Every structure is written in C-alpha cells, then in structure tokens.
Amino acid sequence: MTASERFGVRLGRLGAIGRVAARVLPVDTNPVPSSWTHLTKVDPEARRRLPLLSPRYLSYTDAVAVGGSTAVTGANTEATFTLLAAVDVPVFHEPSDPTHVTDDTRAAAAFIAIPQVLNGSVEAVVGELGAGIERVRGDLAPAIVADHVPRWTPAALREVLADAATSWLLETAAFEAYLVQNPDSAAAREAGVGVDDVLGPSEAARRAMVADRYLHSPVLYVEYSGRFGGQEAERVLAAVSNAVSYSRVWYGGGLAAAEDADAMLAAGADAVVVGNAFHAVAREEAALFSRARDVLAPAASRERIEAWLATEVTPERTAAAAYLSTVPALSDPVGVAEGLLVDTLAVWSRLRALSPHPSRAALERAVSVARLGLDGVDGGDEQWARAALDATQGRETALSAQLSPFVAATSDDVGGTSDA
C-alpha cells in the first residue's frame, strides 16, 4: 500500500470515528430539525392547485416539501417554487424523478430530499438513485460550474470542479428512507411495491435500522400515500421509532383531522406530513368562487362576505379547518379557517374589481390587495400577487394556472351546511 493510500485509509477511519462520536455524544448532527412536527407536501401537478392565500395557510406548518409522482415536470416544479417564495417557512424539494430538478429549483430549495424506497424493487432503490446521480453529474454540476468560473477555464479543470460540485450536491442532500405501505398508491407503482412488500412492525424495524445505522438517512418516512394507516401504522411507527437513534421518523398518508395527526405522533412519529388535505383547500375555494361569482359584487364588503359565507358553509366541516386541524400547535383551527376563508373571498373579490387589462398602476394596486390578504408575509409576494390577479381574471400563465381561482370546481368540493 502506498503512502497516499495509507493516508486515505486513515482519513476514512477518522470519518467513521466522527460518525460514531456524533451518535454517542449529546450533539444532534441530523440536518433535519427535530423541532419539525408538521410538514405540508405541495404537489406541482396542474390539477392540484394551491389556495389563493397559501402563504397564510403555510405559515402554520413547519416546512414545505415540493414533489409528486404523476404529471410533474421541471417547469411546473419551477412555477411552484416561484409561488412558494412568498412562504415564510423552509421549502425543500422532494423529487420523484431527476428531471424535476433544475438549476432554478436547486437554487430555490432549502435542500433536496432524495427518496430511497427500502421495500421496493431493486430498480427503485438503485436504478433511480443512479439516474439521479447521473443527472447531477451530467447537467446540474456543470451548470453550477459554468455560473461560477470564467469562460476561458480549461475543460480539464471544469471536469474536476464538476466532480467536486457533484459530491457537494450529494453531501448536502437529505436522503429519505421510505417504507411505502400502501400498495395501491402511485408512489407504490413508481417504486415497485406490491401487496407482498408491505412490512409488518418487526421487518419495518429491521429496515429502519439499516437506514439509521448504515445509510445514515436523516429521515425514515413511513408512507401510506393517500390512505390513513390507523392502528397498523401505529404499530409500525412504534417499532421503527424504537429502532432508530439518528433518523427522524415521519408519517404521511390520509391525515384529515386532529385525532389522526395526534395518533401518529403519539405512536412514535417525530412529524406528520399532510398533502391531500392541503390541496383540498384549493378545491374548496374554487367551488366557493364559482358560487360567489353571481352573488357577490366585485369589491364586496367584508360584512357582505361574512354574511354570505355564514349561509354557505359550516366552518368546522370545511377543508380549510380539516387541514389546519392537523397542525399540532394550532389551538383554534376552526376559527383560523373561518377567518382565512373570509380573507380569501375578500382578496378575490377586490382583484375582480380591477381592470381586466391592467396598467402598471393597476398591477401595483393588485399587489397591495394581495398583500393585505397575505397579512405581512415576507418574500416573493409581488409575483404571488400578479399570479393571483391573473388567476382571478382568467389569464393563464405558468404561475396563475397553479392557483385555485383559475378553474372553478363543483360545489361538492366545499363543506356546506348539509355535509355529513
């Protein structure tokens, strides 16, 4: 063994000692904050729109994950990140395909979370990861290098820098170890998870130990993807939470009420992830806009809006209340939901009153109107306001098409007084 090889071995051993020390010393080295107990998953798919005042709703969650399995592209992912610039909590990227990652999404995301499905096919675990690394090395890393070095930089040096950038991007990514437990979900189809691959508590605990001790995964994600896991999930969560010492344990799937979230947290989850319940708020809003269009005049007063809403919805039965009730720290989700629905209709009504062919002054007024609805949320609120104006007035852009006013839903999507 040469001197340089011996030096490399010693460095590797030092790294291993450092990882062991990080586990036994009273220092939390996991890059995913332990304070996160509630996360919201935002799907860029066109039919899964965002509520008009999403920044307000998302101010109650701890972090936002962007990603989906169906009809997701780099373009609609970029549009989603642009809108979420107005959100005042961390927003990270959870791509299901390497083509969803672009230089713009990489720059906008707090970090990239790379899924590793531990109970899927070999292709899902190894092939997809390989394709992702290939995408980083072939496209993203050279783009980063091109942005930061002079054009005359020799090609050989660019290659070295691209290799270094690839390693840096992968080191700063958070690898999420997934246990996909709903074989009927799109996530299961993508990962090759069948009925026989659903894990019981003992086997789930063994996979969790691999993720925690060998893969050093910051997150162990128990995913029921659209279906509530109930007592089965509670048993799995209890087993995996006892099996890990480093990984954060997240639960996702079918959460639609406070008791659902509380049960998963009590069973052993460090955080719950809510997706469908959030997008249901946008469907509810679209239904309200459709019904209010012929009833509420543009720029209707707040009093008129409150009176109309009182006849149309039962606050505790709304999708807004259902989503907010999954936030453990929120003491009055129904009251917050009721206020947000009024604010949403007030902003929508005032945007309708603006000119359909806005001048610069009209655009500035639209920004002011939407900012009132955002209630002081910092960030990319001007782009959000422009998108809100276009969506309300039916002008399709990459951003406006992502918002609830752009396409009306049916009244079946809103929590009316006759709902069960």
- prompt: In the range 381-420, which residues are at pLDDT below 85, in a loop (DSSP other than H, G, I, E, B) and either on the phi > 0 side of the Ramachandran plot or open to solvent by less than 20 Å² (accessible area, probe 1.4 Å) (or both)?
  reply: V414, G415
query: Any chance the range 348-368 includes a residue that's buried (at least 17 other Cβ atoms within 10 Å of the Cβ), at pLDDT 90 or above and aliphatic (A, V, I, L, M)?
result: no
- request: Report the residue count in the range 68-97 for those that are at pLDDT below 90, outside any helix (DSSP H, G or I) and surrounded by fewer than 21 Cβ atoms within 10 Å (Cβ to Cβ).
  value: 7
query: Residues in the range 115-138: is at least one under 30 Å from D381 (Cβ atoms), out of contact with any Pro (no Cβ under 6 Å at 6 or more places or on another chain) and either modelled with pLDDT of 65 or more or not aliphatic (A, V, I, L, M) (or both)?
result: no
query: What tally of residues in the range 257-267 results from selecting those that are assigned to a helix (DSSP H, G or I), within 18 Å of A319 (Cα to Cα) and either free of Cβ contacts under 8 Å to residues at least 60 places away in the same chain or of a type outside the set (D, E, K, R) (or both)?
result: 3
- request: Among what's in the range 171-187 and is over 16 Å from Y251 (Cβ atoms) and open to solvent by less than 20 Å² (accessible area, probe 1.4 Å), pick the residue that is modelled with the highest pLDDT.
  value: A174
message: Against the definition (open to solvent by 20 Å² or more (accessible area, probe 1.4 Å), closer than 16 Å to D270 by Cβ, modelled with pLDDT of 90 or more and not basic (K, R)), how does A243 come out, yes or no?
response: no
- request: Just name the residue that is least open to solvent (accessible area, probe 1.4 Å) out of those in the range 337-347 that are small (G, A, S) and touching a helix residue (DSSP H, G or I) at 6+ places or on another chain (Cβ under 6 Å).
  value: A337
- request: Please work out if V249 is within 18 Å of F92 (Cβ to Cβ), in contact with a helix residue (DSSP H, G or I) (Cβ under 8 Å, 6 or more places away or on another chain) and modelled with pLDDT of 95 or more.
  value: yes
task: Determine which single condition F278 fails, assuming it passes every other condition in (1) farther than 20 Å from Q116 by Cβ; (2) open to solvent by less than 40 Å² (accessible area, probe 1.4 Å); (3) more than 21 Å from the chain's Cα centre (by Cα).
output: (3)
task: Name every residue in the range 93-109 that is in contact (Cβ under 8 Å) with a residue 60 or more places away in the chain and closer than 14 Å to A65 by Cβ, in order of residue number.
output: E94, S96
field: D103 open to solvent by 40 Å² or more (accessible area, probe 1.4 Å) and at pLDDT below 85
entry: yes
- line: Taking the range 219-238 and keeping only residues that are buried (at least 18 other Cβ atoms within 10 Å of the Cβ) and within 21 Å of P115 (Cα to Cα), one is left with V219, L220, Y221, V222, E223, Y224, S225, G229, A233, V236, L237
- line: Among residues of the range 51-67 being open to solvent by 10 Å² or more (accessible area, probe 1.4 Å) and part of a loop (DSSP other than H, G, I, E, B), the residue farthest from L389 (Cα to Cα) is D62
Where a residue in the range 70-85 is charged (D, E, K, R) and its partner, wherever it lies, is in a helix (DSSP H, G or I), with Cβ under 6 Å and at least six apart: E78/D104; E78/T105
- prompt: Among the residues of the range 286-306, which ones are closer than 17 Å to R350 by Cβ, assigned to a helix (DSSP H, G or I) and at pLDDT 90 or above?
  reply: L288, F289, A292, E303, R304, I305, E306
- request: Report yes if some residue within the range 275-283 is assigned to a loop (DSSP other than H, G, I, E, B) and closer than 26 Å to F175 by Cα; otherwise report no.
  value: yes
- request: Give the residue that is modelled with the lowest pLDDT, with candidates limited to residues of the range 1-50 that are of a type in the set (V, I, T) and open to solvent by less than 40 Å² (accessible area, probe 1.4 Å).
  value: V32
message: I'd like to check something: does the range 322-336 contain any residue that is open to solvent by 60 Å² or more (accessible area, probe 1.4 Å) and among the hydroxyl-bearing types (S, T, Y)?
response: yes
statement: Pairing a residue in the range 268-282 that is touching a residue at least 40 places away in the same chain (Cβ under 8 Å) with any residue that is among the acidic types (D, E), where Cβ atoms lie under 7 Å and the two sit 6 or more apart in sequence or on different chains, gives G275/D43; H279/D43
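The values are calculated or read from the model by the stated rules, or taken from the named source; none is laboratory data. Keep in mind it's a predicted model, so treat the numbers as computed, not measured. Quick reminder, even Gly has a Cβ in these numbers, built from the backbone with ideal geometry, and neighbours come from all protein chains shown. Each accessible area value is taken on the protein alone, full model and side chains, heavy atoms only, with ligands, DNA and RNA left out. Shrake-Rupley method; radii C 1.70, N 1.55, O 1.52, S 1.80 Å.
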